[in-house]
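Structure first, then comments.
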Amino acid sequence: MLIRFHASNFLSIHEEVELSLIPGRVRQHPEHVMHDSEGCGAAVLRAAVIYGANAAGKSNLVRAMRFAQRLIVDGTRIKQAIPRLPFKLCKEGTSCPSKFEFEFKQGKRCYGYGFEVDSQRVHAEWLYEIKKTTEALLFERTTTEEGGVAVQFGKVGFVDSDDERTVRGVAKGTRPNQLFLTESMERNVPHFADVYHWFRETLAIIYPESKYLPLLGRMAESDFAASMARYLEQLGTGVYGFDLSEVDPEVEFSAEMLEDLREMAEPEGKSIFVVGPRGERYIVELSGGQIQAKKLMFKHQMGDGGEEVLFDIREESDGTRRMLDLLPGFANLTGREQVIVIDELDRSLHPRLSYELLRLFLADSGNRSQIIATTHEENLLNLELLRRDEIWFIEKDPGGASQLYSLEEFAPRYDKDIERGYLMGRFGAIPVFGPPFAARRA
């Protein structure tokens with residue numbers, strides 16, 4: 001679970017901002033707090049909803065998380081530039097490193113992991129285990145201007161002297177533009193695998209155009225398909241089931257794409273999942289040297305007799321298509337704890353649907369995942385749905401830098417109309433418009 005995230009000098013983020021999932025002094029909705037006596041014993045919130053005007057920095061906060069995740073999981077190539085995007089509205093931005101730090105719980109342990117990078121090298125990198133009353137160093141890395149990498153180790157738990165020599169050798173061989181955490185995984189050093197897997201498997205970042213790629217594979221699981229259909233029916237989409245219908249590959253795919261699919265599907269018997277140009281979902285296999293394909297279809301009932309009819313995904317609404325990629329996380333259908341970060345939760349969704357999705361997620365006490373979402377949807381500014389410490393705002397200061405702050409800092413009364421106060425500008429983070437063009441010309 002995510003405890004806190006910090007970032008600085010990235011896109012519109014200049015000075016360090018902090019997104020904290022640690023509960024404040026709020027008393028309402030105690031069921032939104034997850035307690036755990038293991039590890040550092042930190043209690044964490046299940047949700048954070050972030051508001052702000054267009055270009056205020058909401059998506060940049062998500063992009064900061066995504067940049068860090070990709071650098072950790074994918075790594076870099078030899079002599080490749082690190083694609084960081086510094087804050088450019090001050091002279092120091094391009095010359096100073098960008099900083100990213102996560103505090104999180106993985107398994108029974110809590111960690112603090114972070115790094116500072118510019119476009120050429122990792123200036124610093126650190127990993128601590130966070131305990132109830134102290135922190136224990138696991139490693140701390142620095143890189144000189146000449147490219148030399150030095151790693152100081154703490155209580156890593158080396159098996160023996162040979163194990164320690166191996167890990168130190170991997171550290172010494174880490175490139176200046178590569179994170180040591182990433183290098184350790186690529187070189188089969190298992191000591192920090194829990195940390196790496198949190199970024200690879202637990203942290204899930206969903207953009208408006210993101211697709212839940214395992215969807216078709218999971219449709220073969222009857223429980224998963226039934227749960228998806230139940231949620232879609234409950235949310236008023238008209239969908240009550242799914243079907244994987246055989247289709248003619250030569251009709252569905254271009255000749256060029258068929259050739260690519262043939263290579264991807266080798267050897268025979270291997271299934272691959274394909275997203276078509278208009279959002280279609282296919283399972284493709286090679287059998288007897290021929291491409292075979294099945295397409296996901298949606299079951300509806302005719303209103304004049306209940307006869308079943310199948311819809312192509314192109315015949316479904318944008319909202320239904322969006323829910324295909326959101327529901328697995330919201331409904332905890334992935335079968336594991338996740339930190340789900342969603343940029344523009346309200347994209348293609350009716351306001352009441354956004355509200356209902358979040359309500360269903362928070363009402364499921366057995367779901368120990370977290371949701372962090374950016375949105376413009378004022379309908380969610382409701383203390384019957386969220387706690388004050390789960391509502392965040394982001395806006396730009398006069399220097400163009402994004403500032404992040406919680407509603408709890410304003411301490412409104414429990415019965416305060418939060419939505420109306422936000423629209424009136426009481427909490428900031430709303431659009432500020434310039435004069436009309438005619439007035440400017442005058």
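The values are calculated or read from the model by the stated rules, or taken from the named source; none is laboratory data. Since this is a predicted model, take the numbers as computed values, not measurements. Heads up, the Cβs are rebuilt from the backbone with ideal geometry, glycines too, and the neighbour counts pull from every protein chain shown. Remember, those area values only see protein heavy atoms, side chains included, never the ligands or the DNA or RNA. Shrake-Rupley method; radii C 1.70, N 1.55, O 1.52, S 1.80 Å.
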Going through segment 101-156 one residue at a time, which ones are of a type in the set (S, T, N, Q) and either touching a residue at least 12 places away in the same chain (Cβ under 8 Å) or touching a strand residue (DSSP E or B) at 6+ places or on another chain (Cβ under 7 Å) (or both)? Gln106, Ser119, Gln120, Thr142, Thr143, Gln152
Out of Val151, Val159, which single residue is touching a Lys or Arg at 6+ places or on another chain (Cβ under 8 Å) and not small (Gly, Ala, Ser)? Val151
Within segment 75-93, is even one residue in contact with a Pro (Cβ under 6 Å, 6 or more places away or on another chain), of a type outside the set (Gly, Ala, Ser) and either part of a loop (DSSP other than H, G, I, E, B) or closer than 27 Å to His376 by Cα (or both)? no
Give segment 333-360 a look and list any residue that's modelled with pLDDT under 90, open to solvent by 40 Å² or more (accessible area, probe 1.4 Å), touching a helix residue (DSSP H, G or I) at 6+ places or on another chain (Cβ under 8 Å) and not in a helix (DSSP H, G or I), or say none. Arg336, Glu337, Arg347, Ser348, His350
Taking segment 361-391 on its own, how many of its residues are assigned to a loop (DSSP other than H, G, I, E, B), crowded, with 16+ Cβ neighbours inside 10 Å and basic (Lys, Arg)? 1
In segment 209-230, the residues that are in a loop (DSSP other than H, G, I, E, B) and of a type in the set (Gly, Ala, Ser): Ser210, Ala220
Of all residues in segment 392-422 being open to solvent by 40 Å² or more (accessible area, probe 1.4 Å), assigned to a loop (DSSP other than H, G, I, E, B) and at pLDDT below 90, which is farthest from Glu16 (Cα to Cα)? Asp415
Scan segment 353-369 and report the pairs whose first residue is in contact (Cβ under 8 Å) with a residue 24 or more places away in the chain and under 21 Å from Thr320 (Cβ atoms) and whose second residue is in a loop (DSSP other than H, G, I, E, B) and among the charged types (D, E, K, R), with Cβ atoms within less than 9 Å and a gap of 6+ or a chain change. Leu353/Asp346; Ser354/Asp346; Ser354/Glu377; Tyr355/Glu377; Phe361/Arg46
Qualifying position, being in contact (Cβ under 8 Å) with a residue 12 or more places away in the chain, in contact with a Leu (Cβ under 8 Å, 6 or more places away or on another chain) and farther than 27 Å from Ala47 by Cβ, among Ile283, Ile342: Ile283
For segment 161-189, give me each residue that is part of a helix (DSSP H, G or I), without any contact (Cβ under 8 Å) to a residue 40 or more places away in the chain and either loosely packed, with under 13 Cβ neighbours inside 10 Å or under 31 Å from the mean Cα position of the chain (by Cα) (or both). Ser161, Asp162, Arg165, Val167, Gly169, Val170, Ala171, Lys172, Ser184, Met185
Cβ-Cβ under 8 Å, sequence separation 6+ or interchain: first residue in segment 191-210 and of a type in the set (A, V, I, L, M, F, W, C), partner modelled with pLDDT of 95 or more and open to solvent by 30 Å² or more (accessible area, probe 1.4 Å). Which pairs? Phe192/Met185; Ala193/Met185; Phe199/Val73; Ile205/Arg66
Here the qualifying pairs (Cβ atoms under 9 Å; residues six or more apart or on different chains; first in segment 212-238 and within 17 Å of Asp318 (Cα to Cα); second β-branched (Val, Ile, Thr) and part of a helix (DSSP H, G or I)) come out as Leu232/Thr320; Leu235/Thr320; Thr237/Thr320; Gly238/Thr320
